[in-house]
1. Points 7 angstrom from Cα along the Cβ direction at residue 12 and residue 212: gap in nanometres?
2. Given R₀ = 56 Å, what would the calculated FRET efficiency be for residue 165 paired with residue 19, taking r from the Cβ atoms and rounding to 0.05?
3. In nm, to one decimal, how far is the residue 62 label point from the residue 351 one, both placed 7 Å along Cα→Cβ?
4. Just the accessible area for residue 392, please: 1.4 Å probe, Å², rounded to the nearest 10?
5. Out of the DSSP beta bridges found with both residues in the chain, what percent are antiparallel (nearest 5)?
6. List the GluC sites (Glu not before Pro) in the range 240-318 that DSSP assigns to loop (not H, G, I, E or B) and whose Cβ has at most 16 other Cβ atoms within 10 Å. Which are they?
7. If you roll a 1.4 angstrom probe over the protein chains with everything in place, what fraction of the accessible area of the chain belongs to carbon and sulfur, to the nearest %?
8. Taking the Cα centre of the chain as the origin and placing charges on Cβ (Lys, Arg +1; Asp, Glu -1), which of 391, 235, 174 is farthest toward the positive end of the dipole?
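The values are calculated or read from the model by the stated rules, or taken from the named source; none is laboratory data. Worth saying up front: this structure is predicted, and the values here are computed from it rather than measured. Every residue, glycine among them, receives a Cβ derived from its backbone with ideal geometry; neighbour counts consider all protein chains shown. Note: areas computed on protein heavy atoms with side chains; ligands, DNA, RNA excluded. Shrake-Rupley method; radii C 1.70, N 1.55, O 1.52, S 1.80 Å.
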Amino acid sequence: LNTNRFFVYAAFSAPTDRLVLLCPNSELSGGELRPSTAWLSVLNMLTAVKSVHFDSKEMLYSRESIAANFPSFEKGKIKDEIEKTLLRTDTPYFKSEPMVSDKNSRIDFSQTSLNLSPSKFETYAKCPFSFFGNYLLDLKEKKQNEFSMPEIGNFVHKILELFMRECVSTGKFVCPSEHERRELVNRLSKQYFLDVIGKQASEDKKFLHTYANMVKTIDFVAENLCTEFSESDFLPVGFEFKIGLQDEDIPAITYDVNGKTVRLRGSIDRVDTYVQNGITYVRVIDYKTYAKNFSVDLVSYGLDSQLLHYLFAFCEKTGSVPAGAFYFTVSLPNVSINGRESEEELAKEIAKCIKRNGIVIDNPDVVYAMSNNFKFVPVKRNKEGNLYSYGSAKKAYTDEEFKEIEATLHEQINKLANNVFDGNMDVCPLEIENKTIEPCKYCSLGDLCRNRKQEEEEFDGDADYAD
């Protein structure tokens, strides 16, 4: 809410001569609209402000404006008469909202350098127009004032980071007792609550319930991490490790693409290392608060590249060897956590919400160093001492195979960068045969590109465009 108020304040303070505010009282389709709190605040503060009321006829003052709004008019006799008039006067119009797509169109991208993060990289791979709207036009989705999934993700990330920092503050992993662990998680969570969320949230019972749920979940996750590192020779050495960002730990990875510069930047949630025979092996971890599976097969499409970007960037700058890349999934359990559940019930439910998904080096000794009992890695070791994966997906890769994956990733970077420099920002959601990608499902630009709406119309068989 405070962010929204700041944006309103900044916008209202920008004019140097005069400020004109427009407030519609209904949608073009006929639905009623109520004034915003910003509008009402201005009326309360400036009682002498001049108000002018317009009716719909005054707002639709030309054939062109009527034609532009034609798709949003309600069906009926009036709309039919309007259409007859538009046809009689040869005024171009669309019967329904058109697709914003032209395979031959290009923007004038005159820059000679491009800063990419793994999320930007994957956004473009899924749909160039989504990249264009989110990162070049910097369009922002209107958000509800609530403690939503991104905020929950930030909370979980921060508490786990601070917890692990405390455990390795002496230069080695020191496992706290159960009492010490719970005290530490509660202290860190309380401090985050006061510093970031604020005391006013304590008046919201629904939020407090969610908060208590998260704290208990994080405590079980912390217990899980303590168990893992008590049986591991890998040691966390970096948290929120910055690549090419402000206060960077290592510089950005730079690529030359036909004389133009591409810089890869980002932040690694956690970096673990292990030294064997003078060789430093590296594992990167990315925390997720939603289900996320890793598939090397998607790298050739520019997807599932985040972990690999970070892993190869860190190894290149530090002269180390890739040993693994995991998504560490922490999702809220589907239980009420109202105080009546037993510790065993909670532990059982939360255990289902903690998953590690990724790949490792095909080196039994190094993987054994990660997890002495192979409980916290996606592979097992057979009687002959060789590694094998769960299911059909391959999870263990040799040094040479890691190099091949890195080469594929570099090819994708060059391909994407050339498309961006060429100005290709078309509405073109990625489709992969026998793969469920759904790039439009959570895209905030669906109402702008109208691709999602078009798909619905095609499904209904009711798409009808005028020439």
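1. 3.9 nm
2. According to the calculation, E is roughly 0.70.
3. So the label points at residue 62 and residue 351 sit 7.0 nm apart.
4. Rounded to the nearest 10, that gives 130 Å².
5. 65 percent
6. 248
7. 49 percent
8. 174
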